Each structure stands twice: as C-alpha cells, then as structure tokens.
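J.: Sharing a structure here in structure tokens format.
Since every read-out is calculated from the coordinates, none of them should be taken as a lab result. Everything numeric in this text was worked out from a predicted model, so none of it was measured. Glycine gets a Cβ as well: all are built from the backbone with ideal geometry, and neighbour counts include every protein chain shown.
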Amino acid sequence: MAVFNQVDFDNHEQVVFCSDKESGLRAIVAVHNTKLGPAVGGCRMWDYANDEDAIKDALRLSKGMTYKNAVARLPFGGGKSVIIGNAKEIKSEQLFRAFGRHLEQLGGRYYSAEDVNITCDDVALMNKETNYVLGLEGKSGNPSPFTAYGTFLGIKAALQHQRGDQNLSSVKVAVQGLGAVAYGLCKYLHEAGARLFVTDINQQAVERVVNDFSATAVGIDEIYDLDVDVYAPCALGATINDETIARLKATIIAGCANNQLAESRHGEIVREKGILYAPDYVINAGGIINVYYETAPDGYSKMASLEHVEGIFTTLTEIFARSEKEQKSTHLIADELAQEIIKNGL
C-alpha cells in the first residue's frame, strides 16, 4: 500500500511507523502540519481490521487536528497517533513506555494525549519515557468534560441559528455512542431539558445513560431513522454517508465524533437536504483547548480554558452565517477558515 497515493495523505510532513517486539507495540504517528506550532493530537487505540485502515485513520485524524487547532486559534500544528490492537487485551505498562520512547525520538515535533481507549493513566505511563505528552492528571487532566461542554454549546449554536432559539426544552436528540465525552454531553442535554434517544455497542453504557438521564435506548441501526431534532454522532467516524443521509429526519447534525462525513461531498448533500451540520473539528475542540492551557506560562487555569471553550459557540455561529450567505456547505467554510488562519497566522 503506497502511503503517498492515499487520498488522505494531503502532504503530511511525516508519517512514522513504530514497533516494539517485546511489548507487541504496533503504532502509527502522523504529523500533518507544524506551521502554527508543534503537532498535537491524541493517541487512539483500536483493533483495526488491517494496517491500511489504521493508516487511513491516522492520516484523516491528523489533518483534522491541523484544522481543529487552527480554528480553535491554538499555537499547535496537527498530528495524531494510533496504536493497533484490542485495548482490552494488549494494554500494558511495557507497551505504553515503548510508545513513549518512540515519541521521545520525534524530539517534540509531536505531542500525544488521550483519545479513544486511551486514559490519563495510559498517558502517565508514556510520560515515564517522554515529556512530549499532554493531558496529565494534576495538570489539565481528562479533556473529556471540556469536549462535552463544547459539543453542548455547539448544539445550542445550531439551534439558535436554525430556530432563533437555543432553548433545549423538549428538543429530541439522538446520541450515537456513549463513551466518556458522550456521557458528559448527555448530562448537559438532560439538565437543559432535552429528550434523549441513545445507542451504543456497549450495553452497560446504554443502561447507565438510561438510568441517569431518563434516556430511551434504541437499536444500533435504528438511531438513523428516529424522528428527532438533532442527530449527535459520538462514536467513530463516517456515519454520515449515502445510506444514512437518506434516512435521517433530524434537521441538525452536531456531535463529538471525528471525521463524521464519509466523504467531503456528503457535506453538500446534507446542506441541500436542509440539514445544518456543525463541522466536527470545530464543535469537538473543547478537549484540545483544555490541553493547551496545560502549556500556559502561568500554569493551568480551568477558568481560562472554559472561557476559550465558550468561543466554540461564536465560531460556529460565524460558520453557519457564512455558509448561508455563500450557499456553501459548513464543512467547506470551516476548512477555508482553517486554511486562512494557517496561512496568515493566529
């Protein structure tokens, strides 16, 4: 498989393949762009079907981080890493320390942090071998609550634009995927009066949200057909595709998953259907914003972080207005905004 010919390669500066025989580590680090600063993006552990899928995920996610960090106006470039394997089976101190040594060899071009199936404890193990990690306990800590808060604000921004009212009372929201970020999002939505319809492959996660937030559980495939106001994809990417778009009844797509559009063209199809899409890397930037404040000269400030996260509402409002004015899909407007910032600086 030729990496340079990948659709998602997009002139990545560096793609590194990492392995360690003793621990069983197999990982990929993708550094997309460092014009605004060192590449920063979380590490994901996933049992990919094949190496090609892992490479594609790393490339797409790292490019997304370049744009996410730019639109969030952070002095970071974009990068991402993936560790190949089943998180329930291969996690070990030996493996994460081996990965930390690989990060150290990159000399600060890329900083890692938490992502899917990677916890603060896992990052702490990497930290035994390298300082090129962020999101540590005792500093900025777990970024999930901040991602959830930003996503909640993004849903409110979408409602405000579409309806002129951000009140969530009785608004029906279908949440797909119930990981740590989605749980926090459901809490915000429930407290704001929304009606929740939820699904996940993990039945315990479903039962927890049903019990805690009076949510209605639905089937994995049923989530697309619900007569709801908002579809919130919060699992893995590419759930907005030719098959699902035809089934969606929601008029807003706003969730915390990365790479929600299977292909760029789906953003325009969604717009033509009258669905307002909150670009994923804009709405889910709360976590990386919080991580940034770990690097602040005066030390971490939760208040400063939250104030910055609240800017997601304003940024999305600008993107929605510009999309409507230019009759162009919101994800393309977001890309243009990111490219302008990368070209001209923060």
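J.: Give me the extension gain from D221 to E263: residue separation times 0.36 nm, minus the current Cα-Cα distance, reported in nm with one decimal.
T.: Additional length available on full extension: 13.1 nm.
J.: Output the peptides 255-261, 274-280 sorted from most to least packed, where packing is the average of other Cβ atoms within 10 Å over each peptide's residues.
T.: 255-261, 274-280
J.: Under the 0.36 nm per residue contour assumption, what length would be gained going from the current alpha-carbon distance of A296 and K88 to full extension?
T.: Net length gain for the segment: 71.4 nm.
J.: Is there a quick way to get the dipole size of the chain? I mean about its Cα centre, with the Cβ of Lys and Arg at +1 and of Asp and Glu at -1; what is the value in debye to the nearest 20?
T.: Roughly 520 debye for the chain.
J.: HN-Hα J couplings of segment 109-121 from phi, Karplus 6.51/-1.76/1.60, θ = phi - 60°, integer Hz, Gly and Pro as x?
T.: For segment 109-121, the Karplus-derived couplings read 5, 9, 10, 9, 7, 6, 7, 3, 6, 10, 10, 4, 5 Hz, x marking Gly and Pro.
J.: Please compute the Kirkwood hydrodynamic radius over segment 252-313, one decimal place, Å, based on all pairs of different Cα atoms.
T.: 13.3 Å
J.: Oh, and also: How big is the Kirkwood radius of segment 210-261, worked out from every pair of different alpha carbons and given in Å to one decimal?
T.: In segment 210-261 this quantity evaluates to 11.7 Å.
J.: Only Lys, Arg, Asp and Glu count, each charged at its Cβ (+1, +1, -1, -1), so figure out the dipole size of segment 1-150 about its Cα centre, rounded to 20 debye.
T.: 460 debye
J.: Kirkwood Rh and Cα-based Rg: tell me the resulting Rg over Rh for segment 170-289, rounded to two decimals.
T.: Radius of gyration relative to Kirkwood radius: 0.94.
J.: Shifting gears a bit: For segment 217-346, report the translational diffusion coefficient in µm²/s to the nearest whole number, using Stokes-Einstein at 25 °C, 0.890 mPa s, and a Kirkwood Rh over Cα pairs.
T.: The calculation lands on 154 µm²/s.
J.: With only Lys, Arg, Asp and Glu charged, each at its Cβ (+1 for the first two, -1 for the last two), find how big the charge dipole of segment 110-252 is about the Cα centre; round to the nearest 20 debye.
T.: 460 debye
J.: Go through segment 17-95 and name the GluC sites (Glu not before Pro) that are in a DSSP coil and have 11 or fewer other Cβ atoms within 10 Å of their Cβ.
T.: Counting only loop positions with at most 11 other Cβ atoms within 10 Å, the GluC sites (Glu not before Pro) in segment 17-95 are E22.
J.: Compute a Gaussian network model of the chain, connecting alpha carbons closer than 10 Å, and tell me which residue from I288, I201, I84 fluctuates the most.
T.: I201
J.: If you don't mind, another one. Which one of N142, A49, V218 is farthest out on the positive end of the charge dipole of the chain, using unit charges on Cβ (Lys, Arg +1; Asp, Glu -1) and the Cα centre as origin?
T.: N142
J.: Within 10 Å of each candidate Cβ there may be at most 11 other Cβ atoms; applying that plus a DSSP loop requirement, which trypsin sites (Lys or Arg not before Pro) in segment 7-36 survive?
T.: Sparse-neighbourhood loop trypsin sites (Lys or Arg not before Pro): K21.
J.: Choose one of H161, V116, G299: the residue whose Cα lies farthest towards the positive end of the charge dipole of the chain (beta-carbon charges +1 Lys, Arg; -1 Asp, Glu; about the Cα centre).
T.: G299
J.: Taking 2.2 N^0.38 Å as the expected size of a compact globular protein, what ratio does the Cα radius of gyration of segment 1-87 give against it, to two decimals?
T.: 1.07
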